[in-house]
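The values are calculated or read from the model by the stated rules, or taken from the named source; none is laboratory data. All values derive from a computational prediction rather than experimental measurement. For neighbour counting, all protein chains shown are included, and Cβ atoms are generated from backbone atoms with ideal geometry for every residue, glycine included. Accessible surface areas use protein heavy atoms only, side chains included; no ligands, DNA or RNA. Shrake-Rupley method; radii C 1.70, N 1.55, O 1.52, S 1.80 Å.
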Amino acid sequence: MPDSMNMFRLMGLPDFQRGDDLAQQIIETLAAQNQTLVAGDILVIAQKVVSKSEGAFAYLDDITPSEEAIELAKKVNKDPRKVEVILSQSTRIVRAMKRPEQEEGVLIAEHKNGYICANAAVDESNTDHPGQLILLPEDPDKSARELCQRLEAHFACDLGVVISDTFGRPWRLGQTNVAIGLANVPGVMQMLGEEDAFGRPLSVTAPAFADELAAASGLLMDKSAKSPVIIFRGLSWSKTDSSSRDLIRAHNEDLFR
């Protein structure tokens, strides 16, 4: 790995709406600031702007909750219409819980794309209209690939794209950004057979490279500063045919399922 790298946020991007061309906006914003992308750059892009440009929304006024949603909503004190949307985005509810001191409880769900997260990543923050919910992109890997291809064609160099979202963690407090969509960037770097600093062979070490990028991006991706694109430059990595599913533990290895 290199001794240093640069990471910077791309400022000046607009508020995104359904149908906006995210790749073109990135290209134009870079040009307006006399910046460019170079070979090996990795862009970490917040899920929310991808979802907004793709129109991944649901509206509470359009939702009729099922009996399952109504019963689950009572348990966690949530709007049953929102619970219905969460169910529509999930393959299963892992845990539903509300502590006495909480106004609203939490639903931990397995999203249909395989991620385990609160509310199946259905989000009400930074929405444009009351009652609007933002969903994950239908296929975040596809979204990342299409963005990356557009940017590579324009800048004529190999690039990487990571789409990130903010997830909680089961054994630690606070939230951190994780990778939910990948293009070219390895999800996990296998170091099996390499040696540590003392010459001993590594047997299980596999850094989650894409998640490390996503987490680091959170240091600059201020939700109130409208900075949804973070650019990493100077890292050593190899272009690969990757998927965010590379980071999901197989069911037969999941000790907590």
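Among the numbered criteria (1) under 30 Å from Ser236 (Cβ atoms); (2) open to solvent by 20 Å² or more (accessible area, probe 1.4 Å); (3) in the same structural domain as Asp211 (by the TED database), which one does Met1 miss?
(3)
Condition check ((1) charged (D, E, K, R); (2) more than 18 Å from Gln132 (Cα to Cα); (3) assigned by the TED database to the domain that holds Glu104) across all residues:
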residue	(1), (2), (3)
Asp15	yes, no, no
Gly19	no, no, no
Thr29	no, yes, no
Leu37	no, yes, no
Leu43	no, yes, no
Asp62	yes, no, yes
Val83	no, no, yes
Ile86	no, no, yes
Arg92	yes, yes, yes
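With the requirement that a residue be assigned to a helix (DSSP H, G or I) and of a type in the set (D, E, K, R), what does the range 1-34 give you?
Glu28
Return the residues of the range 125-142 that are within 19 Å of Ser88 (Cα to Cα) and not in a loop (DSSP other than H, G, I, E, B); say none if nothing qualifies.
Hits for the range 125-142 are Gln132, Leu133, Ile134, Pro140.
Taking the condition outside any loop (DSSP other than H, G, I, E, B) and of a type in the set (Val, Ile, Thr), does Val38 pass?
The answer is no for Val38.
Is it the case that Asn119 is open to solvent by 50 Å² or more (accessible area, probe 1.4 Å) and assigned by the TED database to the domain that holds Gln89?
No; evaluated as a whole, the condition is false for this residue.
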